Amino acid sequence: MVIGILKEPNDKRVSLVPNTLKKVKFDTTEIWVETGAGAAASYPDEKYEKYAAVKDRTSILKEADILVTINPIPKKELSKIKKNALLVAMFAPFSNQDYIEQLKTTGLRAVSLDLIPRTTIAQTMDILSSMAAISGYKAVLLAANEAPRFFPMMITAAGSIKPCKVLVLGAGVAGLQAIATARRLGAMVEAFDVRAAAKEEVESLGAKFVEVKGAIDKKDAGGYAVEQTKEFLEKQQLEVKHRASKSDIIITTAQIMGKKAPILLTKETVSKMKPGSIVIDLAASTGGNCELTEDNKTILYNGIKIIGNSHLAAEMPKDASFFYSNNVANYLKQIVKNGEIELNMENVIIHKTLIT
Ligand code: NAD
C-alpha cells in the first residue's frame, strides 16, 4: 500500500513532515512524497528521503492508495486519481458542497479531518484545534503589526501610553490563544462567549469575561456553540457596541459548526470605533462576525482596518505542518491495519469523518 503526500497548490504548509513519517510507516506501507512538497514549510526533499520516495505528482495521483493533503485536491485532478483511493484532507464539507457533489461522482472515498469529534479520545487528531491555536496567535501578531500604537503600557520621558484594549469575540481555541498572546504583549483584554464554560478559561488567562445573559448553551452539541435567538444576538450586539467603541483591537472568532457565523459587530458599531482601530475577523470564511468583513480582503472603513482572514495558520507553515502532520499520523493509525485500509464504521471517529 502507498501513502502519497502531495504539494499544496496555494498553501505553504505540507500535510506530513519528515519526522512524523516513521509513525505512519506501518508494516507494508510505502510513502511517496511529491517533489518540493515540504519546501515552502522548511522541510526540503532530503529530509524526507529516509522514510519516503520523492516522486512526481502524476505518479502519486495515479498510484497512491491514500492521498494525504491539507486542502482538497483540485477538481480537475480528481479523474487522475487511482480508483478506490482514499483521500484524507480538510474538505470543509458544509461550505464546499459543489466539490463534494463532484467527489461523489468519482467513486473515490474521502475522509474530512475537520469533522473529527471534539472529544478527549480524539484530541490527538484534532486538526481544527491545532490550526485554530495558530490562527489566534497570528491574529494578535498581525493586529500588533498593523496597529498605530503600542500594546503594553509605556512610561517614558516623552510621555505615558495606556495599554492597548483588545476585545475578543468567541473564546474557543483561537480566541483563548488570542487572549493569551495579547496578554503576553501587555494588552488589557475583554472577551465574550456564549458557552458558560468559557468564563473560567478566559479569566484564568487574566482577561475579563463579558457575560450577556440568556445565551443558549447546549451541553449535547459536542462542545460547540449553537445558534442564538434573534433577541439574544441583538442584546449581544448592543453590549459589543459599548465595548467596541473603547477598544483598539477586535479579534473575532465566533463560529457555529456547519452554519453561517453570527454577526456580532455591525456596521453601526464599527462606525463608533476609534480611528486607527483594527478588526481581525477569523470567521471570514463562514461569512464573518463583522458585517463589513470581506473574505481574504482588507478593507478600510472610516479609518478602521478590517482584515478578513480565516487562513492565518498557513502563515506559520513550519509549525502548522508539524501539528497537522502529528494529527494526521494519529488519524491514520485508526484506519490502517496490517498495512491495509480498514474503515471500521463502529469507530466513531471514522464514522464521523467518512464523507464519501
Ligand atoms: P468554534 O471555532 O466553533 O467557535 C469559536 C468560539 O465562538 C466558540 O467558543 C463558540 O462558543 C463561540 N461562539 C459561537 N457563537 C457565539 C456568539 N454568538 N457570541 C460569542 N461567541 C460565540 O470553536 P472551537 O474553538 O473550534 O471549539 C469548539 C468547542 O470544542 C469548544 O467548546 C471547545 O472547548 C471544544 N473543544 C474540545 C476539545 C476536546 O475536548 N478534545 C478540543 C478542542 C475544542
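If we only count helices (runs of 4 or more DSSP H) wholly inside segment 1-80, which ones have 2 or more residues that are hydroxyl-bearing (Ser, Thr, Tyr)?
Where helices (runs of 4 or more DSSP H) fall fully within segment 1-80 and carry at least 2 residues being hydroxyl-bearing (Ser, Thr, Tyr), they are 57-63.
State whether one or more residues within segment 37-54 are over 30 Å from residue 260 (Cβ atoms), without any contact (Cβ under 8 Å) to a residue 12 or more places away in the chain and among the charged types (D, E, K, R).
Taking every residue of segment 37-54 in turn, at least one turns out to be over 30 Å from residue 260 (Cβ atoms), without any contact (Cβ under 8 Å) to a residue 12 or more places away in the chain and among the charged types (D, E, K, R).
Scanning for something over 26 Å from residue 95 (Cβ atoms) and within 11 Å of the ligand (Cβ to nearest atom), does segment 225-238 turn up at least one residue?
Yes, the conditions are met somewhere in segment 225-238.
Determine whether segment 166-175 contains at least one residue that is in the same structural domain as residue 296 (by TED's automatic domain parsing), hydrophobic (A, V, I, L, M, F, W, C) and farther than 26 Å from residue 257 by Cα.
No - not one qualifying residue is present in segment 166-175.
Hey, residue 121 hits all of (1) touching a residue at least 60 places away in the same chain (Cβ under 8 Å); (2) assigned by TED's automatic domain parsing to the domain that holds residue 16; (3) within 20 Å of residue 24 (Cα to Cα) but one; which does it fall short on?
(2)
Mind checking which pairs have a first residue in segment 192-206 that is farther than 17 Å from residue 218 by Cβ and open to solvent by 40 Å² or more (accessible area, probe 1.4 Å) and a second that is near the ligand (Cβ under 10 Å from one of its atoms) and outside any loop (DSSP other than H, G, I, E, B), Cβ under 6 Å, 6 or more apart or different chains?
Note: pairs meeting the criteria are 201/176.
So which strands (runs of 3 or more DSSP E) stay within segment 102-194 end to end and still have 3 or more residues that are more than 9 Å from the ligand (Cβ to nearest atom) and of a type in the set (Asp, Glu)?
In segment 102-194, there are no strands (runs of 3 or more DSSP E) which contain 3 or more residues that are more than 9 Å from the ligand (Cβ to nearest atom) and of a type in the set (Asp, Glu).
For residue 243, which of the numbered conditions (1) open to solvent by 20 Å² or more (accessible area, probe 1.4 Å); (2) touching a residue at least 40 places away in the same chain (Cβ under 8 Å); (3) of a type outside the set (Asp, Glu); (4) within 9 Å of the ligand (Cβ to nearest atom) fails to hold?
Condition (4) is where residue 243 drops out.
With the structure loaded, tell me whether residue 211 is more than 12 Å from the ligand (Cβ to nearest atom), more than 22 Å from the chain's Cα centre (by Cα) and either buried (at least 21 other Cβ atoms within 10 Å of the Cβ) or not aliphatic (A, V, I, L, M) (or both) or whether it fails that test. Outline the logic, then answer.
Working: more than 12 Å from the ligand (Cβ to nearest atom): no; more than 22 Å from the chain's Cα centre (by Cα): yes; either buried (at least 21 other Cβ atoms within 10 Å of the Cβ) or not aliphatic (A, V, I, L, M) (or both): yes.
In short, no.
Quick one: count up the residues across segment 99-141 that are touching a strand residue (DSSP E or B) at 6+ places or on another chain (Cβ under 6 Å) and open to solvent by 20 Å² or more (accessible area, probe 1.4 Å).
Looking only at that region, the number is 1.
I'd like the full set of residues that are within 13 Å of the ligand (Cβ to nearest atom) and of a type in the set (A, V, I, L, M, F, W, C), limited to segment 262-282.
Result: 263, 264, 265, 282.
Give 252, 156 a once-over and let me know the one that is under 21 Å from residue 309 (Cβ atoms) and not charged (D, E, K, R).
One residue alone meets the criteria, 252.
Looking at the structure I just gave you, is residue 157 farther than 21 Å from residue 348 by Cα and among the aliphatic types (A, V, I, L, M)?
It is true that residue 157 is farther than 21 Å from residue 348 by Cα and among the aliphatic types (A, V, I, L, M).
Restricting attention to segment 195-235, which residues are at pLDDT 90 or above and assigned to a loop (DSSP other than H, G, I, E, B)?
205, 206, 207
Assuming residue 43 fulfils every condition listed in (1) surrounded by fewer than 18 Cβ atoms within 10 Å (Cβ to Cβ); (2) touching a helix residue (DSSP H, G or I) at 6+ places or on another chain (Cβ under 8 Å) apart from one, which condition is it?
It is condition (1) that residue 43 fails.
Take the residues in segment 333-356 that are touching a strand residue (DSSP E or B) at 6+ places or on another chain (Cβ under 8 Å) and in a helix (DSSP H, G or I); name whichever of them is surrounded by the fewest Cβ atoms within 10 Å (Cβ to Cβ). Give the derivation first.
So in segment 333-356, the residues touching a strand residue (DSSP E or B) at 6+ places or on another chain (Cβ under 8 Å) come out as 335-336, 341-343, 345, 350, 353-356.
This time we only want the ones that are in a helix (DSSP H, G or I), so: 335, 350, 353.
Numbers: 335: 20, 350: 17, 353: 24.
Across segment 333-356, the extreme among qualifying residues is 350.
The values are calculated or read from the model by the stated rules, or taken from the named source; none is laboratory data. Predicted model only: the values in this text are computed from it and were never measured. For neighbour counting, all protein chains shown are included, and Cβ atoms are generated from backbone atoms with ideal geometry for every residue, glycine included. For accessibility, only protein heavy atoms count, side chains too; no ligands or nucleic acids. Shrake-Rupley method; radii C 1.70, N 1.55, O 1.52, S 1.80 Å.
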